[in-house]
Amino acid sequence: MSDVQEFEKKEPVEQASETTHFGFKTVAKEEKQQLVANVFHSVAGKYDLMNDLLSFGIHRVWKRFTIDCSGVRKGQKVLDLAGGTGDFTAKFSRIVGETGEVILADINSSMLEVGREKLRNLGVVGNVSYVQANAECLPFADNTFDCIVISFGLRNVTDKDKALRSMYRVLKPGGRLLVLEFSKPIIDPISQLYNFYSFNILPKVGEVVVNDAESYRYLAESIRMHPKQDELKSIMEQAGFESVNYYNLSAGIVALHRGYKF
């Protein structure tokens, strides 16, 4: 029997006329969640391998920097949201120790199962639990977490404003949110090269390794549709976060945004 906790919260049905983006496509809001789910059900088994291949391993450097900026200490409670295969969970589990707790949460059951198996194989047990949950309506009490990290997940959320408000609610006063996400390169030649790589190389590698070019075409498109650095900073502030700042990593290919709940 799976020990993954599943939470279902009934939300009002959106009007069919309300639309959002799924990559470059315009879809009804209520359709996006399932479309994104299909992508990650498809790639879950080789997600870590593809991360290494497509980023040339640099994603590990981005994640180390995020951990260094987290300020997480022994005994604290951390939410690894849209945590997928659990890279952050593994690291934070060691940092918070036996008196702390890390929750690996993801809306996608396939990703969560891969993450749970991976962490158990690494011997990460005891202070880690697993929750299948939607970022837009987190099933946790107010003021629960000292830190929330969401890595390469926010761009897949249908209603980012609602998700950020939900994260703000479950953070403790003094807690911090870290959003690690693909962003807008700040150097034009790099931006042009990145565009070529994203739309010509990514789908081909996806086709060869995962037999799924379309999921990686969506990846490239979703990155272009995601709010740029200053726009995301503003969205976080509107959700209630204070002292929001960001760091451009790899010339802005990725950005780490950090905000606090005071």
Stokes-Einstein diffusion coefficient of the chain, Kirkwood radius over Cα pairs, 20 °C, 1.002 mPa s, in µm²/s: 115
Of 25, 63, 172, which is the most mobile in a GNM of the chain whose springs link Cα atoms less than 10 angstrom apart? 25
Compute for the stretch 167-261: radius of gyration divided by Kirkwood radius, i.e. Rg/Rh, restricted to C-alpha atoms, rounded to two decimals. 1.08
Cα-derived Rg to Rh of the stretch 12-106, Kirkwood definition: 1.08
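Can you give the calculated 222 nm mean residue ellipticity of the chain, where each DSSP H run of n ≥ 4 adds -39,500 (n - 2.57) and the sum is split over every residue, rounded to the nearest 500 deg cm²/dmol? Mind dumping the intermediate values first?
Working: 10 runs with 110 residues, N = 262.
Computed mean residue ellipticity for the chain: -12500 deg cm²/dmol.
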Accessible-area composition of the chain, carbon plus sulfur, in percent [1.4 Å probe]: 53
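Leaving out ligands and nucleic acids, and using a 1.4 Å probe, what accessible area per residue does the chain come to in Å²? Intermediate results must be reported in sequence, preceding the final value.
Details: 12490 Å² over 262 residues.
Solvent-accessible surface per residue comes out at 48 Å².
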Share of alpha-carbon pairs per 5 Å distance bin for the stretch 52-132, given as whole %: 3, 16, 25, 25, 21, 8, 2, 0
How do the peptides 120-128, 200-208, 150-158 rank, highest first, by the average count of neighbouring beta carbon atoms within 10 Å per residue? 150-158, 200-208, 120-128
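Could you tell me which GluC sites (Glu not before Pro) in the stretch 95-181 are loop residues by DSSP with no more than 11 other beta carbons within 10 angstrom of their beta carbon? Each step should come with its number before you reach the end.
Working: sites: 98, 101, 113, 117, 136, 181; in loops: 98.
Loop-located and lightly packed - 98.
If you wrap a convex hull around the alpha carbons of the stretch 94-247, what volume per residue comes out, as a whole number of Å³? Don't skip to the answer; put the middle values down first.
Details: hull volume 21.5 nm³, N = 154.
Here the figure is 140 Å³ per residue.
The values are calculated or read from the model by the stated rules, or taken from the named source; none is laboratory data. Just so it is clear, the structure is predicted and the values come from calculations on it, not from any experiment. Here the Cβ is made from the backbone with ideal geometry for all residues, glycine too, and neighbour counts use every protein chain on show. These accessible areas exclude ligands, DNA and RNA; they are computed on the full protein's heavy atoms, side chains included. Shrake-Rupley method; radii C 1.70, N 1.55, O 1.52, S 1.80 Å.
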